[in-house]
Structure formats: C-alpha cells, structure tokens
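Visitor: After the structure tokens below, expect a handful of questions from me.
Just so it is clear, none of the values below were taken in a lab; they were calculated from the coordinates. These numbers were taken from a predicted model, which means no experiment stands behind them. Every residue, glycine as well, gets a Cβ built from its backbone with ideal geometry; the counts of neighbours run over all protein chains shown.
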Amino acid sequence: MKLLVTGGLGFIGSNFILDTLSRLPDYEIINIDAEIEGSTHSNLKDVKKNKKYKFVKGNITNQLLVDKLVSKVDLVLNFAAESHVDRSITSPKNFIKSNIMGVFTILESVRKHKKKIIQISTDEVFGSIMKGSATEEFAFNPSSPYSSSKASAELLVKSYVKTYGIEAIVTRCTNNFGPRQHLEKLIPRTILFAQNDQKIPIYGSGKAIRDWIYVQDHCNAILEIFEKGRWGESYNISANNEINNLTIVKKILKILGKPSDFFYHTEDRPGHDLRYSLDSSKIRKHLKWKTKFVFDDALEHTVNWYLSNRNLLKKANSKTLVPIPWKSGTRK
Ligand SMILES: NC(=O)c1ccc[n+]([C@@H]2O[C@H](COP(=O)([O-])OP(=O)(O)OC[C@H]3O[C@@H](n4cnc5c(N)ncnc54)[C@H](O)[C@@H]3O)[C@@H](O)[C@H]2O)c1
C-alpha cells in the first residue's frame, strides 16, 4: 500500500507516519509538506533514512506537483492545514488557501487518477455545543476562520463523492495532545511557560471545555477507518474525556512541581467556543475502535517527552511566548 501523507511534518501527521511505518512495514509513505509554522523536520528524524519513506517539500495548492504525487499512490491522507485558531483570527487568508484551495487541488487529482482520500477534519466544524454531543449528522456551525475553512473543505469532499463518485472518507477528531505538537498550542505552551518560570496565560475564565484524545489513539482510529471504514461516509473520533483548560493547566503544573496558582487570566479569544463534544459511537460500534491510553498517564508521558526534548523548548521565541496573539499582531 502506498500512501501520500500531506502535512506530515506537523504534529498529527508525523505521529501517524512514525506509527504506520513501525506497525506496517509493507507500507510506503510519501510526505508532502510546505514547511510552514507548525512543521519541523526533527519530528521525523527517526525515519529519515527509511527506504519506505520519502519527503517532498511542496504546497498542496500546487496542482502539477500534487497530480504527480497522487498518481504514484493508492490513498491520500490529508493532514495538511493551517491549524492554529489564534492565527486564523489574525491572518485568515492563509487558512482559506491551504484548507480550502489545498483540498480542492487534491480532490481534482484524486478524481483524475481515481484514487482514494481521507480528509482529516475537526470537531470544531460543529461549533460550541452546550448540551449533548454532535453525531456525524449534526449541522455545521463553525465560529472561527479555521473551523469554517475545515467545514468548507468537508463540504467540497462531500460534493466530489456525490458528483464524481470519488472514494473519500472524512474523519473528525477532538483536541489531540502528545509528543511533537507545536509549542504555541495549550499543552506544550503551558510546559514551555512553566519551564521558563513564567506564569501561564489562560484565555478568559479557563472554563472552555475540550474533549482530549492522545494523538496515538487518533492515529489508530485513522488506520482502522481506512482498513475497515465505508467509503463515502464520515466518522467522529473522540475519547469521551471532556476537561476544561484550567484543569489541564493545573494538572501540568502539578506534574512539573509548580504552585497550582502559577497562572493568570487574559482577555478571551474572540468567538471562543465554550464546549466541543463529539458522539463517536459510530466508529466504536461499527469498527470496534476504542481508545487505549489513559489521560493522566498520557499527559505525564507528554510532559516528560517535552522535558527530554529541551532543544525544542529552547527554539521557542518571543512569538511563541506572546500571551494574546490576536491583540499583539505579531504573528504571520
Ligand atoms: N491538533 C488537533 O487537536 C486536531 C484535532 C482535530 C483535527 N485536526 C486536524 O488534523 C490535521 C493536522 O493537525 P496538526 O495539529 O498536526 O497541525 P500542524 O499545524 O501541527 O501541522 C500541519 C502541517 O501541515 C503543513 N501544511 C499546512 N499548509 C500546507 C500547505 N498548503 N501545503 C503543504 N503543507 C501544508 C504544515 O507545514 C504542517 O507541517 C489538520 O488538518 C487539523 O485540522 C487537528
């Protein structure tokens, strides 16, 4: 089986590549990544010399390049995206290009070469849900330029299934955590600030609830889906592990031996969704998937991973430490 993984230098894509190559040695993977913020080659240093792995620097909006790569593989897994909600507030245009035009470009190649695609999407397409959980049939209600670009991409995929009969699956997952995540995201950022002896900035009250899943559980779900899932459908992936941001920060402070009040509140993110929640009974029932990792253990493992990769923490710069990026205007 030959896979084209897009955005494989990023957090989830790199974990997926490492996991797949170690568990399925017959698989070959081409990774196309534009090396924008969020990507790092050190994420994949362990497979650099693996003959089953090839890296191509490139943008998923480049039709000629994408066409060439898609023609060589059986399946495309589209992880590539501008992924940081805060940056989508300061610079939405890049999100429209990568997350919508990029998906359109890949879909055109998939259609031309009759290949399959898995579009990696997010619970954020459903917006804030105060009660209950969104099933696969819920209506989209995105709040940020990021989530609306991901919802748009999903709609494009759906239209290509209906209009051109391409074989596609959309997977929607909740908040991931684990090794190799960019330092600007909540968990690595909290570790970074604490290690720098700086108080942790918390958006608003810190009561925003996310359903946290360990990245390897997400990667396992994607493997199950492309081996056993039904083409043309979508699958929600969640760990049923809803926690608010303040609790996460306090858990990390405890692991690091810092005082439990080593944080301060900042102005909230505009349009900050209070709660995301996915109903993942479909994948659990039909594909017999379930999570393997316990949150507290996986969180401790993640903190220790960052501590043993201090070179990554050292790379953090003033931009990473800006507490309220949409106000400072310092981001790309
Ligand atoms: N992180 C989460 O909690 C989460 C949850 C659900 C879904 N997702 C989705 O999973 C995917 C991966 O997320 P992540 O957290 O690993 O993001 P990330 O920002 O860590 O990685 C994204 C990668 O995509 C690459 N990229 C971006 N635009 C590109 C383009 N136009 N051409 C080529 N490469 C490009 C970047 O260079 C980067 O390496 C995204 O599609 C995201 O929407 C993420």
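Visitor: Within the P(r) computed for the chain, what percentage of the Cα pairs occupies the region above 31 Å? The partial results should precede the final answer.
Guide: On the way: 15108 of 54946 pairs.
That fraction is 27 percent.
Visitor: Moving to a separate point now. Report the Rg/Rh value for region 61-160, based on alpha-carbon coordinates and the Kirkwood definition of Rh. Could the numbers behind the result be given before it?
Guide: Numbers: Rg = 14.3 Å, Rh = 14.2 Å.
Rounded to two decimals, Rg over Rh is 1.01.
Visitor: What residues of region 123-138 lie in the reach of a label at Ser281, counting those whose backbone N is under 19 Å from a point 7 Å from the Cα along Cα→Cβ?
Guide: 129-138
Visitor: Could you work out how far helix 11-23 tilts from the main Cα principal axis of the chain, as a 0 to 90 degree angle to the nearest 10?
Guide: For 11-23 against the chain, the angle is about 60 degrees.
Visitor: With point charges of +1 on the Cβ of Lys and Arg and -1 on the Cβ of Asp and Glu, referenced to the Cα centre of the chain, which listed residue (Trp212, Phe177, Ser143) lies farthest in the positive direction of the dipole?
Guide: With unit charges placed on the Cβ atoms, the residue in question is Phe177.
Visitor: A further question follows. Report, in listed order, any pair from Lys93/Lys254; Lys72/Lys285; Lys292/Lys314; Lys185/Lys288; Lys254/Lys285; Lys150/Lys207 with a Cα-Cα distance greater than 27 Å. Mind showing how you got there, number by number?
Guide: Numbers: Lys93/Lys254 39 Å; Lys72/Lys285 34 Å; Lys292/Lys314 32 Å; Lys185/Lys288 31 Å; Lys254/Lys285 36 Å; Lys150/Lys207 24 Å.
Violating the 27 Å limit, Cα to Cα: Lys93/Lys254; Lys72/Lys285; Lys292/Lys314; Lys185/Lys288; Lys254/Lys285.
Visitor: In addition: With a bin width of 5 angstrom, please list the P(r) values of region 1-141 as percents of all Cα-Cα pairs, from the 0 bin to the one holding the largest distance.
Guide: 2, 9, 19, 20, 18, 15, 10, 5, 2, 0
Visitor: With the radius of gyration and the Kirkwood radius both derived from the Cα set of region 129-217, what is their ratio Rg to Rh?
Guide: For region 129-217, the value is 1.06.
Visitor: Okay, moving on. Hey, what number do you get for the chain at 222 nm if only DSSP H runs of n ≥ 4 count, each worth -39500 (n - 2.57), divided across all residues, to the nearest 500?
Guide: When only DSSP H runs of four or more count, the value is -11500 deg cm²/dmol.
Visitor: When the chain is fully extended, how far beyond the present Cα-Cα distance does Thr135 get from Glu267, taking 0.36 nm per residue of separation?
Guide: 44.3 nm
Visitor: Continuing with the same structure: Please express the Cα-Cα pair-distance distribution P(r) of region 1-76 as a list of whole percents, one per 5 Å bin, running from 0 to the bin with the greatest distance.
Guide: With 5 Å bins starting at 0, P(r) equals 3, 17, 31, 26, 17, 6, 0.
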